[in-house]
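The block underneath contains the structure these notes are about, expressed in structure tokens.
The values are calculated or read from the model by the stated rules, or taken from the named source; none is laboratory data. None of these values were measured; they are calculated from a predicted model. Reconstructed Cβ throughout: ideal geometry from the backbone, glycine too, with neighbour counts over all protein chains shown.
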């Protein structure tokens, strides 16, 4: 039996949820790890898989970036843009971000912006983030582990929540890319 979508033209995914109607992303302007501007127009043309985290994250971020690096090495996904957006701009400057994504083999675009620039994007995608003060000037950052699929027009088309299974995620991404949803 073939799985069918409740909404005509919406792909059925094994490990994620395709939105019935892709949702536009709020206007934003951030900088990549090389200091270049990255905004809504930068999302045009290629589908993107975005993850929001930070370089001091002890567990979720390195695991998710390793998964993204594996996807990056897959020739079938060569046209998928992989994006890592820091939710900790106070500690994650451009150099730190470049070193972090390079440690995963490169091929992942790292983005940053001060809180005011980051907030519209977080709100638009529904990305939670909270900063919890600790002793002295130290703090912890809580964030989502969700992956966001943005279609070729830069609209939110699907979300993936952990636990992630590489084979199922890969299959879903190929489905989304070929569906042009």
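Structure values in brief
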{"quantity": "Residue count, region 146-157 (criterion: over 16 Å from residue 42 (Cβ atoms) and part of a loop (DSSP other than H, G, I, E, B))", "calculated": "1"}
{"quantity": "Options 129, 134: the member that is within 20 Å of residue 53 (Cβ to Cβ) and buried (at least 17 other Cβ atoms within 10 Å of the Cβ)", "calculated": "129"}
{"quantity": "Per-region count, region 67-84, residues farther than 19 Å from residue 38 by Cβ and either over 13 Å from the mean Cα position of the chain (by Cα) or buried (at least 22 other Cβ atoms within 10 Å of the Cβ) (or both)", "calculated": "7"}
{"quantity": "Within region 17-32, tally of residues that are under 25 Å from residue 98 (Cβ atoms) and assigned to a strand (DSSP E or B)", "calculated": "4"}
{"quantity": "Residues that are touching a residue at least 60 places away in the same chain (Cβ under 8 Å) and farther than 15 Å from residue 151 by Cα, drawn from region 14-40", "calculated": "14, 15, 27, 28, 29, 30, 31, 32, 33, 34, 38"}
{"quantity": "One residue from 172, 165 being modelled with pLDDT of 95 or more, surrounded by fewer than 17 Cβ atoms within 10 Å (Cβ to Cβ) and farther than 26 Å from residue 27 by Cβ", "calculated": "165"}
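Residue-wise test of (1) at pLDDT 95 or above; (2) surrounded by fewer than 16 Cβ atoms within 10 Å (Cβ to Cβ).
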residue	(1), (2)
86	yes, no
111	yes, no
140	no, yes
146	yes, no
158	yes, no
181	no, no
